[in-house]
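Worksheet: one structure, shown below.
Just so it is clear, none of the values below were taken in a lab; they were calculated from the coordinates. This one's a predicted model, so the numbers in the text were calculated from it and none came from an experiment. Cβ coordinates were reconstructed from backbone atoms using ideal geometry, including for glycine residues, and neighbour counts include every protein chain displayed.
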Amino acid sequence: MLQPWWNRSVRPKVAIVLFNLGGPDRPEAIRPFLLNLFSDKAILRVPFFVRPILARIITRARLKPATENYALLGGKSPLLDLTRQQAVALEATLPELEAKCFIAMRYWHPFSLEAARAVAAWQPDEVVLLPLYPQYSTTTTGSSLTAWREAAATVGLVARTTTLCCYPTDAGYAAATAARVRAAYETARAEQGPAARLRVLFSAHGLPETIVRAGDPYQWQIEQTVAGVLAAWDEPDLDWAICYQSRATPQKWIQPSTEMEIERAAHDKTSVIVVPIAFVSEHSETLVELDVEYRDLAKKLGVPAYVRVPTQNADPDFIAALGNLVRHARAHGPGLCSHLSGRFCAAAHRDCPFALASDGDRK
């Protein structure tokens with residue numbers, strides 16, 4: 001029988017649940033992965049009786065290009081393996097805890113139900129829910145939290161739980177990201193010479209405009225992240241822009257698109273350094289969309305040079321930032337917290353989790 005967490009003289013037993021999107025682990029999984037994605041009511045916001053039909057139509061349309069993209073990656077997504085590496089590194093950076101990371105993917109195995117069963121079997125003193133989405137959106141972290149709550153209830157998991165909803169301007173995360181951008185920028189500058197024109201494009205996964213207008217804080221949080229990275233970098237007279245990639249539905253999505261910014265760079269005869277600002281692991285949107293499709297577009301349009309900054313993956317500085325975020329969440333918890341403890345989002349963002357949570361979900 002475990003002692004109550006407040007009486008334990010040994011290291012606290014803490015389960016850290018890492019939320020991520022997930023990806024197909026073999027070619028046969030691509031179709032069900034896409035169907036799971038587009039069947040999510042947080043993604044496809046249409047009447048429930050229309051959603052299954054529309055999800056099948058979109059899946060059918062996207063299956064061939066998705067299959068071709070994953071073929072470039074060996075027939076599967078690398079996301080799970082990279083998330084496992086992050087999990088191992090994060091456990092090691094928390095020596096004061098008996099920490100164990102559990103992975104809860106949203107659209108392919110291991111699903112939240114699998115993770116919740118594993119957490120319940122481990123019998124932790126505490127649970128920290130840690131999204132690998134630095135910026136909150138109802139379509140990512142929000143959807144993962146809904147799936148987790150349902151899974152935890154299904155398996156009867158009862159434990160002191162703290163949810164870190166977002167960390168878009170966390171100092172450690174911003175510094176780790178800025179270091180990677182700075183290294184790529186300095187290399188490009190050295191290779192192209194002091195007179196070459198360089199533009200940094202912070203490319204984030206896009207969202208339909210309707211979701212943002214409804215109060216989703218994602219786009220605003222992306223802007224705050226970029227401001228934090230630029231402040232940590234402190235490069236004078238920098239040419240930069242924010243853009244959005246990975247449009248997946250027929251609606252109008254937030255702009256400018258990454259394609260539009262590459263076209264502008266070609267017009268301006270400036271090289272681009274592309275930073276995947278909303279992703280912390282390599283996957284198809286970085287390894288294919290950014291590294292192949294947009295690189296080819298840049299070459300075709302005559303962009304002088306195209307450089308892509310790698311994602312954080314298990315970068316020690318990034319993992320250290322995640323470790324400090326876990327410490328912060330535990331100190332704040334249980335309940336809901338941001339990297340600043342309380343609500344981070346501006347009042348206009350009605351879909352901020354603090355706005356949606358009941359009083360009982362807050363500390």
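For SER137, the residues whose amide H sits under 5 Å from its own are GLY142, ignoring neighbours fewer than 5 places away on the same chain, with H placed 1.01 Å from N.
With 19 Å as the limit, write out which pairs from LYS64/LYS300; LYS269/LYS299; LYS76/LYS300 have Cα-Cα distances beyond it, or answer none. With Cα atoms farther than 19 Å apart: LYS64/LYS300; LYS76/LYS300.
By the count of other C-beta atoms within 10 Å, a proxy for reagent exposure, TRP253, TRP122, TRP148 are ordered fewest to most as TRP122, TRP253, TRP148. Measuring nothing but how far apart in sequence close Cα pairs (under 8 Å, 6+ apart) lie, relative to its length, the chain scores a relative contact order of 21 percent.
Looking at the stretch 173-308 alone, DSSP beta bridges between its own residues are antiparallel in about 5 percent of cases. Taking a quarter of the surface of the Cα convex hull of the stretch 139-207 gives a mean projected area of 7.3 nm². Is the shape of the stretch 173-308 rounded, prolate or oblate, going by the alpha carbon gyration tensor and its root eigenvalues a ≥ b ≥ c, with a/c under 1.5 for rounded and a/b larger than b/c for prolate? Taking the square roots of the gyration eigenvalues as a ≥ b ≥ c, the stretch 173-308 is oblate. Straight-line reach from LYS13: taking Cα to Cα under 30 Å and skipping same-chain neighbours fewer than 8 places apart, the lysines in range are LYS100, LYS363. Shown for ILE53, ILE319: other C-beta atoms within 10 Å of each C-beta, ranked fewest to most, produce the order ILE53, ILE319. For the chain, the share of DSSP beta bridges that are antiparallel, to the nearest 5, is 5%.
Other residues whose C-beta falls under 12 angstrom from the C-beta of ALA321 contribute a net charge of -2, scoring Lys and Arg +1 and Asp and Glu -1. Candidate cross-link partners of LYS252 among the aspartates and glutamates, defined by an alpha-carbon separation under 16 Å and a same-chain spacing of 8 or more, comprise GLU209, ASP216. Summary of the geometry: the stretch 42-102 and the stretch 252-327, compared by the centres of their Cα atoms, lie 18 Å apart.
Counting only Cα atoms, the chain measures 67, 48, 42 Å along its principal axes, largest extent leading.
Calculated on C-alpha atoms, the gyration radius of the stretch 1-141 divided by its Kirkwood radius gives an Rg/Rh of 1.07.
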